[in-house]
Amino acid sequence: MPDPTLNAAIAEAYASAPSDIVILHTLELRHPDFRDDEGQPIAVRLVRDHQELSAKLEDAAPLNPDEYVTFIAMGFDLELPPVDTSPVPEITVTIDNVSRELIKHLDAAVESAEKIEITYRPYLSNDLSGPQMDPPITLILSEVEADVSRVVGRARMLDIGNKSFPSETYTATRFPGLTR
């Protein structure tokens, strides 16, 4: 089944596999406890390549929208969720040769109840002015295991089927008219 979120340029690159255009796979990890030395929120951005990448984010990005940002070169592997009607697609993300900087951020996230969000963005080597998928895929990371050389985690899309509706909880404290 075709993926309607892919731009025409990357769909053509997938179909024809030109030798002079490389598809650059990127990951962005976000968590409220990922902070820089000044205490400002940051994202850990990775590119599956042998050199750093400076590319522009989409205008709806959660951090640094519509700005050029740097992706750190690091080996990782993921299989994109299928484009089908499965209830909640789940994938495994493996990040190899993990640096101390990433482990520091993951350790801070372990102590929090908040989830780590991962955003996948593909870029073409000849067009770094924006990701080739709109909107990019955002997943929630869970079940993370880390050792000296790699991090492995399960990631799934937001499980909207198990969300309560309406999302507001009606309690007697907030709505005293409910009690008699």
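The values are calculated or read from the model by the stated rules, or taken from the named source; none is laboratory data. This is a predicted model, so every value here is computed, not measured. All Cβ positions, even for glycine, are placed from backbone atoms using ideal geometry, and neighbour counts span all protein chains on display.
Within the range 42-72, the set of residues being closer than 16 Å to T119 by Cα and small (G, A, S) comprises A43, A55, A60, A61.
Confirm whether K115 is more than 22 Å from D49 (Cα to Cα) and free of Cβ contacts under 8 Å to residues at least 60 places away in the same chain. Outline the logic, then answer.
Numbers: more than 22 Å from D49 (Cα to Cα): yes; free of Cβ contacts under 8 Å to residues at least 60 places away in the same chain: no.
Answer is no for this residue.
Scanning the range 128-173 for residues that are modelled with pLDDT under 85, under 17 Å from the mean Cα position of the chain (by Cα) and outside any strand (DSSP E or B) gives D134, M157, L158, D159. In the range 1-20, the residue that is modelled with the lowest pLDDT out of those that are of a type in the set (A, V, I, L, M) and surrounded by fewer than 16 Cβ atoms within 10 Å (Cβ to Cβ) is M1. Taken over the range 25-45, the residue count meeting the criterion of being under 20 Å from E58 (Cβ atoms) and either free of Cβ contacts under 8 Å to residues at least 40 places away in the same chain or touching a Leu at 6+ places or on another chain (Cβ under 6 Å) (or both) is 6.
Listed here are the residues, each with its yes/no results for (1) among the small types (G, A, S); (2) crowded, with 16+ Cβ neighbours inside 10 Å; (3) over 22 Å from V148 (Cβ atoms).
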{"residue": "R30", "(1), (2), (3)": "no, yes, yes"}
{"residue": "L46", "(1), (2), (3)": "no, yes, no"}
{"residue": "D59", "(1), (2), (3)": "no, no, yes"}
{"residue": "L63", "(1), (2), (3)": "no, yes, yes"}
{"residue": "E67", "(1), (2), (3)": "no, no, yes"}
{"residue": "F71", "(1), (2), (3)": "no, yes, yes"}
{"residue": "E79", "(1), (2), (3)": "no, no, yes"}
{"residue": "S99", "(1), (2), (3)": "yes, no, no"}
{"residue": "K104", "(1), (2), (3)": "no, no, no"}
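Only strands (runs of 3 or more DSSP E) wholly contained in the range 12-79 count here; list those with 1 or more residues that are aliphatic (A, V, I, L, M) and touching a Pro at 6+ places or on another chain (Cβ under 9 Å). Break it down into steps so the answer makes sense when it comes.
Details: elements: 23-35, 41-47, 53-56, 68-73, 76-78.
Once the strands (runs of 3 or more DSSP E) in the range 12-79 are filtered for at least 1 residues that are aliphatic (A, V, I, L, M) and touching a Pro at 6+ places or on another chain (Cβ under 9 Å), what remains is 23-35, 41-47, 53-56.
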